[in-house]
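**Student:** The structure's right below; bear with me while I get my questions together.
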Number of protein chains: 4
Amino acid sequence: MTQEEQKALFRRAMEASRRAYAPYSGFHVGAALLAEDGRIFTGVNVENASYPAGICAERSAGTAAVTQGCREFKALAVASPDGEASMCGICRQFFSEFSRDLAVIYGKDEEHLTARKLCELLPSDFVLPKA
Amino acid sequence: MTQEEQKALFRRAMEASRRAYAPYSGFHVGAALLAEDGRIFTGVNVENASYPAGICAERSAGTAAVTQGCREFKALAVASPDGEASMCGICRQFFSEFSRDLAVIYGKDEEHLTARKLCELLPSDFVLPKA
Amino acid sequence: MTQEEQKALFRRAMEASRRAYAPYSGFHVGAALLAEDGRIFTGVNVENASYPAGICAERSAGTAAVTQGCREFKALAVASPDGEASMCGICRQFFSEFSRDLAVIYGKDEEHLTARKLCELLPSDFVLPKA
Amino acid sequence: MTQEEQKALFRRAMEASRRAYAPYSGFHVGAALLAEDGRIFTGVNVENASYPAGICAERSAGTAAVTQGCREFKALAVASPDGEASMCGICRQFFSEFSRDLAVIYGKDEEHLTARKLCELLPSDFVLPKA
């Protein structure tokens, strides 16, 4: 993935973040998920008065993709106009189910992007023993 | 909402359920969410090896809607080919943030549908006191 | 359960709330869970920078009880010095697994308590169809 | 922390796992959390028919500790008689709020333990930007 492609995906995430529902944290986050088949799915964080019932932008994008029949992912960009957004442990867990080599792209703006593989962000991942 | 409209929404939910990712429970669920503006958003359950990291079909549909700029909802149908699906407490909590009068439609098949308002399914809902 | 017993349980919940970890919402909640065998377990809300990773006071009390071998519950009081606390949908879902007749006790102070059965707070609860 | 201390903590986790409530996965997990002040708190996984409403053993131990006024942790052992248990992303997120240097101890039995720091298991952790 070229730097230009990374920037383009990050811009899609930033664009999506405008529709985030974040009245409690004030932290508006968008995500753009590039599937192996080339499709891009976006997501935003959706908060809730009962904080644990909220869902992060990354997982919103993930469920949108799975709903459209897509389960193999190449890259995920995360962006916020309110400060640099990194990926929380719940979202790392969610995507480790599908694509351990997913490239996670984040940064404060498109000139300062970091790309890391999911397997580096969640090493020694949880595995359910076979029954 | 007429019975025919309810059935049509339920069929959309059932259709979506084919793309559910449910390798742990074997319970494939789909949801179809009718927004006040007439748009319909679908979702499926997406399970995870760490069970608490999974997301139900209803919330998948909800985050898809919010991501597309939609926050007011009229009806939500839930369906599964594996048995009657009802709405869990987490999903009730999620939608109580947006539409307390949401009509929740569910049943084992389209000839046996029940419709209940969300405020009946989650009475005395949780409210975060003002700071 | 007498009104005096309800008040006593509510006081235990209020007392526990002092140890809540709630730097994000500022809403400190405590819970006191009376098991069928007479033991009382307490819990507090534990928030997280990633809001969905937090856990409510009621479920903290519930996991403490299960950890000590207890799975049948009689009453659950919820209290906060920061405003009236009611039970969110996630916590209703959590306890519906164990005790549908659980008495949930809440209010702004011990002179204004409401007691409702869990099955009224989460009617038509979610059931996983048999495989 | 000596190897003997690690084994002793792991045994406490294994012992706790007998009280796990895991009817859906059949994977019974226990956790033992050593606080900086020397106290040990245990937890078990508590599953739910709505899988996302369940709570892992590690977080059960964590909420028990916070409820008892403890927020600084030294080591956390995770154990299961049903296969090696590792720590999921949600639990890593939960503890990163409190102790980034927490030693996480796990393995299939006390003769095969691995110890890793939490900050290695959840690098580049999520931070909520200041408002």
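**Student:** Could you look through the range A:81-94, keep only residues that are of a type outside the set (D, E, K, R) and surrounded by 24 or more Cβ atoms within 10 Å (Cβ to Cβ), and pick out the one that is modelled with the lowest pLDDT?
**Tutor:** The selected residue is A:Ala85.
**Student:** Moving to a separate point now. Just checking, which of B:Gly69, B:Gly89 is closer than 25 Å to A:His28 by Cβ, of a type in the set (Gly, Ala, Ser) and out of contact with any strand residue (DSSP E or B) (no Cβ under 7 Å at 6 or more places or on another chain)? If you could, list the steps in order and put the result at the bottom.
**Tutor:** Numbers: B:Gly89 fails: closer than 25 Å to A:His28 by Cβ.
None of the other options fit; the residue is B:Gly69.
**Student:** Of the residues in the range C:14-29, how many are of a type outside the set (S, T, N, Q), buried (at least 17 other Cβ atoms within 10 Å of the Cβ) and away from chain A (no Cβ under 14 Å)?
**Tutor:** Result for the range C:14-29: 3.
**Student:** Okay, next question. Quick check on this structure: which one of A:Glu15, A:Glu36 is among the charged types (D, E, K, R), over 20 Å from B:Gly54 (Cα atoms) and in contact with a Lys or Arg (Cβ under 9 Å, 6 or more places away or on another chain)?
**Tutor:** The match here is A:Glu36.
**Student:** Among the residues of the range D:17-27, is any in a helix (DSSP H, G or I), in contact with a His (Cβ under 8 Å, 6 or more places away or on another chain) and either of a type in the set (A, V, I, L, M, F, W, C) or within 28 Å of A:Cys119 (Cβ to Cβ) (or both)?
**Tutor:** yes
**Student:** Can you pull out every residue in the range A:68-78 that is in contact (Cβ under 8 Å) with a residue 40 or more places away in the chain and away from chain D (no Cβ under 12 Å)? Before you say what the answer is, go through the steps one by one.
**Tutor:** If we filter the range A:68-78 for residues that are in contact (Cβ under 8 Å) with a residue 40 or more places away in the chain, which is where we start, we get A:73-78.
Correct list: A:Phe73, A:Lys74, A:Ala75, A:Leu76, A:Ala77.
**Student:** Also, quick follow-up: With the requirement that a residue be closer than 13 Å to D:Ala79 by Cα, of a type outside the set (Val, Ile, Thr) and within 11 Å of another protein chain (Cβ to nearest Cβ), what does the range D:108-124 give you?
**Tutor:** Residue satisfying the conditions is D:Lys108 alone.
**Student:** Inspect the range A:54-67 for any residue being away from chain D (no Cβ under 12 Å), crowded, with 23+ Cβ neighbours inside 10 Å and in a loop (DSSP other than H, G, I, E, B) and give the result as yes or no.
**Tutor:** Taking every residue of the range A:54-67 in turn, at least one turns out to be away from chain D (no Cβ under 12 Å), crowded, with 23+ Cβ neighbours inside 10 Å and in a loop (DSSP other than H, G, I, E, B).
**Student:** Determine if the range B:30-39 includes at least one residue that is over 16 Å from the mean Cα position of the chain (by Cα) and surrounded by 21 or more Cβ atoms within 10 Å (Cβ to Cβ).
**Tutor:** no
**Student:** Looking at the range A:30-50, which of the residues that are part of a loop (DSSP other than H, G, I, E, B) and either under 15 Å from A:Ala13 (Cβ atoms) or out of contact with any Asp or Glu (no Cβ under 7 Å at 6 or more places or on another chain) (or both) is farthest from the other protein chains (Cβ to nearest Cβ)? Write out each step before concluding.
**Tutor:** Here is the first cut: in the range A:30-50, the ones part of a loop (DSSP other than H, G, I, E, B) are A:36-39, A:45, A:47-50.
When the remaining residues are screened for being either under 15 Å from A:Ala13 (Cβ atoms) or out of contact with any Asp or Glu (no Cβ under 7 Å at 6 or more places or on another chain) (or both), the result is A:37-39, A:45, A:47, A:50.
On the way: A:Asp37: 14, A:Gly38: 18, A:Arg39: 14, A:Asn45: 9, A:Glu47: 6, A:Ser50: 4 Å.
Among residues in the range A:30-50 that are part of a loop (DSSP other than H, G, I, E, B) and either under 15 Å from A:Ala13 (Cβ atoms) or out of contact with any Asp or Glu (no Cβ under 7 Å at 6 or more places or on another chain) (or both), the one farthest from the other protein chains (Cβ to nearest Cβ) is A:Gly38.
**Student:** Mind telling me which of the residues B:Arg100, B:Arg18 ends up being modelled with pLDDT of 95 or more, out of contact with any helix residue (DSSP H, G or I) (no Cβ under 9 Å at 6 or more places or on another chain) and over 27 Å from A:Glu15 (Cβ atoms)?
**Tutor:** None of the other options fit; the residue is B:Arg18.
**Student:** As an exercise: evaluate C:Arg11 against (1) within 21 Å of C:Gly83 (Cα to Cα); (2) within 14 Å of chain A (Cβ to nearest Cβ); (3) surrounded by fewer than 21 Cβ atoms within 10 Å (Cβ to Cβ) and give the number of the one condition it does not meet.
**Tutor:** (2)
**Student:** I'd like to know if the range B:38-57 contains one or more residues that are among the acidic types (Asp, Glu), touching a Cys at 6+ places or on another chain (Cβ under 7 Å) and touching a residue at least 12 places away in the same chain (Cβ under 8 Å).
**Tutor:** No: zero hits.
**Student:** Hey, any hits in the range C:97-112 for a residue that's of a type in the set (Lys, Arg) and within 27 Å of D:Arg71 (Cα to Cα)?
**Tutor:** Looking for residues that are of a type in the set (Lys, Arg) and within 27 Å of D:Arg71 (Cα to Cα), one finds none in the range C:97-112, hence no.
**Student:** Take the residues in the range B:113-131 that are of a type in the set (D, E, K, R) and part of a strand (DSSP E or B); name whichever of them is nearest to B:Cys70 (Cα to Cα).
**Tutor:** The qualifying residue nearest to B:Cys70 (Cα to Cα) is B:Lys117.
**Student:** Within the range A:79-90, which residues are touching a residue at least 24 places away in the same chain (Cβ under 8 Å) and either at the interface with chain D (Cβ under 10 Å from one of its Cβ atoms) or touching a Gly at 6+ places or on another chain (Cβ under 7 Å) (or both)?
**Tutor:** Correct list: A:Ala79, A:Ser80, A:Asp82, A:Gly83, A:Glu84, A:Ala85, A:Met87, A:Cys88, A:Gly89, A:Ile90.
**Student:** While we're here: Where residues in the range B:91-103 are polar (S, T, N, Q) and closer than 21 Å to C:Ser96 by Cα, which of them is nearest to the other protein chains (Cβ to nearest Cβ)? Outline the logic, then answer.
**Tutor:** First pass over the range B:91-103, keeping only residues polar (S, T, N, Q): B:93, B:96, B:99.
Narrowing further to those that are closer than 21 Å to C:Ser96 by Cα: B:93, B:96.
Details: B:Gln93: 3, B:Ser96: 7 Å.
The residue in question is B:Gln93.
The values are calculated or read from the model by the stated rules, or taken from the named source; none is laboratory data. If you're wondering where the values come from, they're calculated on a predicted model, not measured in any experiment. When we count neighbours, we look across all protein chains shown, and the Cβ atoms used for this are built from the backbone with ideal geometry, even at glycine.
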